[in-house]
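> Before we start, here is the structure in question, set down as structure tokens.
The values are calculated or read from the model by the stated rules, or taken from the named source; none is laboratory data. Predicted model, so just to flag it, every value in this text is computed and none were measured. Note that each Cβ is placed from the backbone with ideal geometry, even for glycine, and that neighbours are counted across all protein chains shown.
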Amino acid sequence: MAAREIKSNIYTVGAIDWDRRLFDALIPLPDGTSYNSYLIKGSEKTALIDTVDPTMEDILINHLNQLGVENINYVVAHHAEQDHSGALPKVLEKYPQAKVIATPKCKGMLIDLLTIPEKRFITVDDKETISLGDRALEFIHAPWVHWPETMLTYLREEGLLFSCDLFGSHLATNDLYVTDEGQVYEAAKRYYAEIMMPFRTSIEKHLEKIKDYQIDTIAPSHGPIYDNPSFILNAYRSWVFDEPKNIVVLPYISMHGSTHRMVGYLVEALTQRGVTVKQFDLTATDIGKLAIALVDAATIIIGTPTVLAGPHPIVIYAAFLANALRPKLKFISIIGSYGWGGRAVEQLAGVIPNLKAELLEPVLCKGVPKEDDFKALDSLATTIAEKHKEHNFA
Ligand code: FEO
């Protein structure tokens, strides 16, 4: 696919990774991804915004060759992570006069990660501008999107924000701009949930900081460009600022059916009480789907059998991830079955210290669930419904 012009003398020169299915050896990519890189030909200077994953550096170089780019003055490195900076050494080799523009923190990380010589860098302060002649790049420091060194770049003349990972989506598409808002909403929410949600307080500050900029277009470093920025800005505001919703997320494992019966009973009890439930059998769950559900949920109920004297290891894994993602959850509980004993509740509580949620009375039954266990599940459902109502979670 050739480089394409998105505005006068501004081109996309990055790569679409249709086939990648895993990021960080952890995050599922059901729709692939893209590594967006943009070339800006100013009247006096030329700048490249980010590079691409090193596995696709030849595609970037081909795009630059197609456009006849003989000189690059600046390579803006928003972020040191390899999916955007991994092709920097190749670009700097091809354009020996190019300087890397980065935050001071990013400079240090790029030296550590890619051994780029110190003399190749120009560091910029927050709000600093660098002219390309007929237009200027304004750098907006935005630490913790989702590493500590990140920044964004604003092109005032175009009302164009290059937003680094912020507002991105892991979505391989040859549409330059968002065409299917439903599909992009899901992909961007997945991306937010997995990458940005743990840094929600920083993202809040960045949303406040860019509020006064005239933004007509957002060009993220993954996924399609937003020519209707309010679509993604409003979505982010909702994910970041809104109160949780009247939703219970219920990830569980069942080995011999008892925990499954408890889950089924509780889902029915919550449904009767007007609570939305999102149930995940962890043996078959895309953890991205679980992360998406955690963005809005008020409560998580973890369902686990007792095995090896504790919670099922797959449940521990899911709880550990939920803890790392730091969702807005307000309530938590645990249900499940055990054969003779164990410390499922204590061990699960030990892996979720970041979840500042109120623990509702767990329901653990010995063997198969019996009348008293179902009563306890009814009681748990009533408590959840009442708590959600008290907080006006809609
Ligand atoms: Fe897309 Fe954090 O790199």
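> Can you spot a residue in segment 144-151 that is of a type in the set (D, E, K, R), in contact with a helix residue (DSSP H, G or I) (Cβ under 7 Å, 6 or more places away or on another chain), within 19 Å of E204 (Cα to Cα) and assigned to a loop (DSSP other than H, G, I, E, B)?
Yes, segment 144-151 has at least one match.
> Cβ-Cβ distance below 8 Å, separation of 6 or more or different chains: which pairs start in segment 20-48 with a residue that is among the aliphatic types (A, V, I, L, M) and end on one that is in a strand (DSSP E or B) and within 12 Å of the ligand (Cβ to nearest atom)?
L29/F23
> State whether the residues of segment 84-94 include one that is farther than 26 Å from E208 by Cβ, within 16 Å of the ligand (Cβ to nearest atom) and part of a helix (DSSP H, G or I).
Within segment 84-94 (the criterion being farther than 26 Å from E208 by Cβ, within 16 Å of the ligand (Cβ to nearest atom) and part of a helix (DSSP H, G or I)), the answer is yes, since at least one residue qualifies.
> With (1) among the polar types (S, T, N, Q); (2) closer than 21 Å to Y192 by Cβ; (3) part of a loop (DSSP other than H, G, I, E, B) as the list, and S34 as the residue in question, which single condition is left unmet?
With respect to (1) among the polar types (S, T, N, Q); (2) closer than 21 Å to Y192 by Cβ; (3) part of a loop (DSSP other than H, G, I, E, B), S34 is out only on (3).
> If we keep just the residues of segment 95-104 that are outside any helix (DSSP H, G or I) and touching a residue at least 12 places away in the same chain (Cβ under 8 Å), which is farthest from the ligand (Cβ to nearest atom)?
My answer is Q97.
> Moving on. Do we find that I210 is touching a residue at least 24 places away in the same chain (Cβ under 8 Å), closer than 30 Å to R156 by Cα and not in a helix (DSSP H, G or I) in this structure?
Here the answer is no, as I210 does not meet what is asked.
> Would you tally the residues in segment 37-60 being within 16 Å of the ligand (Cβ to nearest atom) and in a loop (DSSP other than H, G, I, E, B)?
Summing the residues that are within 16 Å of the ligand (Cβ to nearest atom) and in a loop (DSSP other than H, G, I, E, B) in segment 37-60 gives 5.
> When you look at E386, is it at pLDDT 95 or above and more than 12 Å from L266 (Cα to Cα), yes or no?
yes
> Quick check on E243: is it surrounded by fewer than 21 Cβ atoms within 10 Å (Cβ to Cβ), at pLDDT 95 or above, over 12 Å from the mean Cα position of the chain (by Cα) and over 27 Å from A77 (Cβ atoms)?
The answer is yes for E243.
> K107 - would you say it is under 23 Å from I215 (Cα atoms), of a type in the set (K, R) and away from the ligand (no atom under 16 Å from the Cβ)?
Taking the combined requirement at face value, the residue does not satisfy it.
> Can you tell me how many residues within segment 273-328 are crowded, with 22+ Cβ neighbours inside 10 Å and charged (D, E, K, R)?
Final tally of qualifying residues: 1.
> If you don't mind, there's one more thing I want to ask. Quick check: is even one residue across segment 115-131 away from the ligand (no atom under 16 Å from the Cβ), charged (D, E, K, R), closer than 22 Å to V52 by Cα and under 25 Å from the mean Cα position of the chain (by Cα)?
no
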